[in-house]
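The values are calculated or read from the model by the stated rules, or taken from the named source; none is laboratory data. Note that the structure is a prediction, hence the values are computed from the model and not measured. Counting neighbours? That spans all protein chains shown, and the Cβs are built from the backbone with ideal geometry, glycine included.
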Amino acid sequence: MMRAAPSPDTSAGQAKGRRALVTGGASPIGAAICRALAREGCAVIVHAHASADRAAALAAEIGGSAVAFDITDHDAARAACEALLETGPIQVLVHNAGAHDDVPMAAMTEAQWRRVMAVSLDGFFHVARPLLLPMMGTRNGRIVAMSSVSAIMGNRGQANYAAAKAGLIGAVRALSLECAPRGITVNAVAPGLIDSPAVAAAVPPEAVKQMVPAKRLGRPEEVADLVAFLCSDRAGYISGQTVSIASAGPMHPHRARSARRDRAQTVSSPQHASARREGKRPGWAAPAA
């Protein structure tokens with residue numbers, strides 16, 4: 001009896017042999033991404049600036065390598081990328097590096113604005129541009145920029161951060177059109193509240209339960225799994241997209257307070273009481289004549 005040939009395994013190993021650079025690779029989300037890409041078979045290059053020791057330790061753990069340079073410095077970033085390219089093209093780029101400096105815009109200094117822009121937005125250009133032509137030459141590549149739900153929803157005190165992350169979304173959409181004919185996909189990932197020491201210190205557990213429908217923070221590993229998928233051949237027809245990873249649209253603290261206030265006002269309104277007496281759903285209105 002003839003046996004059907006086994007179908008190819010497309011669940012793993014899609015990125016085997018590809019060199020992958022992860023900026024901000026020593027951060028909690030960055031480290032999870034590095035581990036996930038290494039499991040997919042990538043030769044991972046862990047980038048860091050101030051956390052070079054942590055990057056080196058992570059690289060040793062996953063069998064990769066580490067590199068340290070300031071992505072806000074155009075010339076330094078170009079020189080570092082050119083040095084990496086001496087041993088071959090990089091086919092996976094994950095721009096995870098970012099910076100916060102939260103303050104209402106009325107009190108924001110130029111330095112606070114420019115620093116956040118420099119890491120997230122300028123840094124993407126500084127790293128991606130030198131890698132593009134060699135990546136295009138292979139006719140196979142993946143670029144993922146880490147944005148944020150703040151770029152989509154906005155958040156008080158984060159005009160600089162939201163603008164930088166929204167800028168990444170625009171850059172991704174334009175770059176995806178330039179790269180599509182050459183087999184390269186370009187996407188953005190917009191995480192919501194993800195567990196990290198900084199988030200845990202800023203958002204107490206009770207606030208998380210009020211803000212997030214799932215009543216918990218996301219895990220770095222959950223973000224990393226999405227990024228690893230977008231970097232695989234399984235996502236070859238996904239490009240120019242922004243994928244949010246959040247529990248049903250997590251609310252910022254001021255949005256949660258506003259929602260509770262609006263709900264309380266609605267429940268106590270005469271229209272709400274009248275609708276309930278008539279057996280109608282709150283907010284129901286008769287169709288226009």
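Quick notes on this structure:
- In the range 164-205, residue nearest to Pro104 (Cα to Cα) [restricted to those that are touching a Leu at 6+ places or on another chain (Cβ under 8 Å) and among the small types (Gly, Ala, Ser)]: Ala164
- Candidate set: the range 2-51, residues that are at pLDDT below 95 and among the hydrophobic types (A, V, I, L, M, F, W, C); chosen: the one nearest to Val127 (Cα to Cα): Ala50
- Looking at Arg142, Arg156, just one residue is at pLDDT below 95 and either farther than 18 Å from Asn96 by Cβ or not in a helix (DSSP H, G or I) (or both), and that residue is Arg156.
- Verdict on Gly236 being buried (at least 17 other Cβ atoms within 10 Å of the Cβ), assigned by TED's automatic domain parsing to the domain that holds Ala32 and touching a residue at least 24 places away in the same chain (Cβ under 8 Å): no
- Identity of the residue in the range 235-251, within 14 Å of the chain's Cα centre (by Cα) and either among the polar types (S, T, N, Q) or not in a strand (DSSP E or B) (or both), that ends up modelled with the lowest pLDDT: Ala246
- For the range 70-120, the tally of residues that are surrounded by 14 or more Cβ atoms within 10 Å (Cβ to Cβ) and among the hydroxyl-bearing types (Ser, Thr, Tyr) stands at 2.
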